[in-house]
Amino acid sequence: MNKAQYVSYGIGSFSFQSHHVLRRLGVLLACFGIILGISQSVQAANQPLPPEWHFDVYPVPRATEWQPGPKILFVGGIHGDESGGHRSAAYALQGSVSRGDVHIIPYINRQAVIMHRRGVNVDMNRIFGEPKPDLPESAVVRKLSALMQNYDYILTLHDGSGYYSPTYQNSDRNPMRYGQSHIIDTEHYSRTKHGDMCLRCVADDVVSKVNAEIADQNHHFHVNNTKTGESGTIHVEQRASLTYYALTKLGIPAFCSEASKMLPDLRHRVRYHLKVMQAFVDTVGGELMTPPDDLESIGWYLEDTKRLEHVEIAINGLARRVLPWGRLYLLPGDTVEVLGFGNREHHGWTADILGVGSNVDTAIPFAVTQESRIVIRKEHEVQGEIRLHMTENPTVEFALSVDGAPPIKLRQGEVVVMSNTLVIGEALSRSGSTGDIVNFSGYVPPGGSPIPDDRHYLITTEELDWRYSVNKRGLLYRVQGLASDHRTSTGEVYIQILDRHGK
């Protein structure tokens, strides 16, 4: 009799007239405890995660000619310092599925990825089925565990030490290493949602397909059966892993891909994970077309997706696009909100407004009362830092006429492209006044002036002194509003010069 039948029997047979009333009362209370525990678990899984622990699930786009098939989940980033896993997961989203559905969580352990650490408070891959209630990682695991029930197969993506070998060869290639292996917890499992299943057969097929495309035999994959549930296993810790929990508690065949940390570079790890993903989906009955997996294409992807053109920021609800390394001038108490990032791959980016919130402050308005910085990261790498300065009367916007066009108004922090000429008009301050001094850093008007006011002059690119440009490259200049001391900036916008004028 299974648990569901036992619970049903205990409740349905309850009777005060029975001489077994006390025993059945105990059964009823036990069943109530089970139901209450399940209810509390479901409620916990439905609770929203704090922003710094939130994770997203993305579907790989379906191809035009799509057919139904298995539903597969890829999970990356459970260990934050294993970049091959989460970068390949993110890159795979540029592929397409022609049979079945593939969903991807690139960054399940967001905090660990940002910190570039294996774990933050605990190893997240060691608390499945053994949650620690006071840790935020447990809330993530509960939510993921509830989500996993919707899938037919699961593949987790890791970077492992050395190279796995069934026999000892040297300190880098032996049974205790994980790199270049496809991990299973057992050879067969009879209680999957698909019935009795040969996990070894699936893994063998995946490894065979992948190795056929790897010329260097030193980089070949091997099947690594950790024998997790057996009494003599040397991998007892895996009993609290995602794959073992998915298999034994949810009946979902779950596998693990480990690319070696000893491979030449990140490109190789991403490449091999992509090959495993494609082979895995094919083996379990789906069809996945991954993006190009040659080293040149992967290298271009890794560099291109770190480039940040601008950051979308709202000050007191007014949005603007600002430079990743720009400056903003605020009145203490102004509300700042990072709305988004100017990059074609939006996932993996976070904004941290120092001194408020957490290290994930995107899409949350915060009142800023003192000088601070907004640190922009792609995963763990800093790709921008916007300085927040406090001033008594910030300049709100600037009037500019570019290349003879009618005047436009730029909000503080914004950028405009200049080809030949520029005329600076009036600047509007927070108090509502106009007529503030405006200085173009890098321009000196005819005859010079003791007051650095450059309004109403026709400024040409040939007159600009590249030594005063941002980064001294002659391609980007500041136009600043100045306080009454003629030296202190109260706000600025930026003039981008076409490359042909650069130094």
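If you take the residues in the stretch 279-304 that are of a type in the set (Gly, Ala, Ser) and farther than 17 Å from HIS103 by Cα, which one is most open to solvent (accessible area, probe 1.4 Å)? My answer is SER297. Inside the stretch 403-414, residues that are aliphatic (A, V, I, L, M) and closer than 19 Å to ASN316 by Cα make up a count of 1.
Note on the stretch 96-125: residues that are assigned to a loop (DSSP other than H, G, I, E, B) and open to solvent by 20 Å² or more (accessible area, probe 1.4 Å) total 8. Which one of these is closer than 25 Å to TYR107 by Cα and open to solvent by less than 60 Å² (accessible area, probe 1.4 Å): VAL360, VAL322? Answer to the selection: VAL360. Residues in the stretch 407-445 that are among the charged types (D, E, K, R), under 18 Å from LEU331 (Cβ atoms) and out of contact with any Asp or Glu (no Cβ under 6 Å at 6 or more places or on another chain) were compared, and the one that is modelled with the highest pLDDT is ARG430. A count restricted to the stretch 138-168 and to residues that are more than 21 Å from HIS273 (Cβ to Cβ), touching a residue at least 40 places away in the same chain (Cβ under 8 Å) and not hydrophobic (A, V, I, L, M, F, W, C) stands at 6. For the stretch 222-267, give me each residue that is modelled with pLDDT under 95 and among the hydrophobic types (A, V, I, L, M, F, W, C). The one that is modelled with pLDDT under 95 and among the hydrophobic types (A, V, I, L, M, F, W, C): ILE234.
No other residue among VAL396, VAL375 is surrounded by 18 or more Cβ atoms within 10 Å (Cβ to Cβ) and of a type in the set (A, V, I, L, M) apart from VAL396.
Give the residues of the stretch 191-210 that are assigned to a helix (DSSP H, G or I), of a type in the set (A, V, I, L, M, F, W, C) and surrounded by 15 or more Cβ atoms within 10 Å (Cβ to Cβ), sorted by residue number. Selection gives LEU199, VAL202, ALA203, VAL206, VAL207, VAL210. Look at (1) farther than 22 Å from GLY491 by Cβ; (2) surrounded by fewer than 19 Cβ atoms within 10 Å (Cβ to Cβ) and you find that PHE341 fails only one, number (2). Every condition in (1) within 22 Å of TYR329 (Cα to Cα); (2) surrounded by fewer than 17 Cβ atoms within 10 Å (Cβ to Cβ); (3) over 41 Å from the mean Cα position of the chain (by Cα) holds for ASP454 except the one numbered (2).
Here the condition is being within 13 Å of the chain's Cα centre (by Cα) and of a type in the set (Lys, Arg); of ARG87, ARG126, it holds for ARG87 alone. Close contacts from the stretch 442-454, counting a first residue that is free of Cβ contacts under 8 Å to residues at least 60 places away in the same chain and a second that is of a type in the set (Val, Ile, Thr) and outside any loop (DSSP other than H, G, I, E, B), with Cβ to Cβ under 6 Å and a gap of 6+ residues or different chains, come to TYR443/ILE459; ASP454/ILE424. Can you find even one residue in the stretch 113-125 that is touching a strand residue (DSSP E or B) at 6+ places or on another chain (Cβ under 9 Å) and not aliphatic (A, V, I, L, M)? Within the stretch 113-125, one or more residues are touching a strand residue (DSSP E or B) at 6+ places or on another chain (Cβ under 9 Å) and not aliphatic (A, V, I, L, M). Here VAL270 does not qualify as surrounded by 19 or more Cβ atoms within 10 Å (Cβ to Cβ) and either over 30 Å from VAL202 (Cβ atoms) or of a type in the set (D, E, K, R) (or both). Within the stretch 327-340, the set of residues being assigned to a strand (DSSP E or B), under 25 Å from GLU392 (Cα atoms) and not acidic (Asp, Glu) comprises ARG327, LEU328, TYR329, LEU330, THR335, VAL336, VAL338. Can you work out which of the residues in the stretch 226-240 that are in contact with a Lys or Arg (Cβ under 7 Å, 6 or more places away or on another chain) and of a type in the set (S, T, N, Q) is surrounded by the fewest Cβ atoms within 10 Å (Cβ to Cβ)? Result: THR233. Inside the stretch 171-190, residues that are of a type in the set (Gly, Ala, Ser) and assigned to a strand (DSSP E or B) make up a count of 2. Pairs meeting the criteria (first residue in the stretch 56-82 and within 23 Å of GLY348 (Cβ to Cβ), second residue among the charged types (D, E, K, R) and open to solvent by less than 20 Å² (accessible area, probe 1.4 Å), beta carbons under 6 Å, at least 6 apart or on different chains) are GLU82/ASP159.
Those strands (runs of 3 or more DSSP E) of the stretch 341-440 in which 2 or more residues are free of Cβ contacts under 8 Å to residues at least 24 places away in the same chain and either under 29 Å from the mean Cα position of the chain (by Cα) or farther than 24 Å from ARG87 by Cβ (or both) occupy 372-378, 408-411. Among the residues of the stretch 45-88, those that are part of a helix (DSSP H, G or I) and open to solvent by 30 Å² or more (accessible area, probe 1.4 Å) comprise ASN46, PRO51, GLU52.
The values are calculated or read from the model by the stated rules, or taken from the named source; none is laboratory data. A quick note: this is a predicted structure, and the numbers were derived from the prediction, not measured. Neighbour counts run over all protein chains shown; Cβ positions are idealised from the backbone, glycine included. With ligands, DNA and RNA removed, areas are computed over all heavy atoms of the protein, side chains included. Shrake-Rupley method; radii C 1.70, N 1.55, O 1.52, S 1.80 Å.
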